[in-house]
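Below is one structure, written out as C-alpha cells, with a few remarks after it.
Read the figures in this text as sums done on the coordinates, not as results from a lab. In this text, all values refer to a predicted model and were calculated from it rather than measured experimentally.
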Amino acid sequence: AAALLIQRRQPTDAIKLTLSLFAQNPRSRVAAMNHAAALLLNHRPSEAEALLRSVPANRLTRTQAAVYNFNLFEACFHLGDFDRAWPILDRIDLSHLYPAQRRWLEQARERLAINESMNQ
C-alpha cells in the first residue's frame, strides 16, 4: 500500500489495501493517514480531510507530519479551499517526501499561484 501511495498509482488497489489495514488498526495514526492518502487518490477529498482531522497532529514524528500536511494540503486543494491550502504549504518538509509527491506538490503550487494571480 505504501509503495502505491508514494508513487501515486493504482488508486483502487491502494484504497482496498489501506482500508483493510485501517480496519485492523483503527487507532493507528499511520493507517489513518495512509487511508486518507488513498481516499485522495480516489478523488474523495472530503472524506480524506475528515479522517485527517481525527489524527492528533501534535503527536506525529517529523516524517509523519510532512505526510500529514501533504495530505491535508491535497485535500484543501481539491476542495478548492485555497485560503487554507497556502499556509499548509509552509508546514510541509519536502525532505520527507518522495519524488512523485514532490512533483505533484510543485504542480499544485503552480496552479495555486496561477489561480491567485487570476483572482487579483
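Structure notes:
- Considering only alpha-carbon pairs that sit under 8 angstrom and 6 or more positions apart, the relative contact order computed for the stretch 1-45 is 39 percent.
- Rg/Rg_ref, the chain, where Rg_ref = 2.2 N^0.38 Å and atoms are Cα: 1.02
- Working note: Debye formula, equal point scatterers on the alpha-carbon atoms of the stretch 51-91, no solvent; log10 I(q)/I(0) at q = 0.19, 0.31 Å⁻¹ is -0.51, -1.10.
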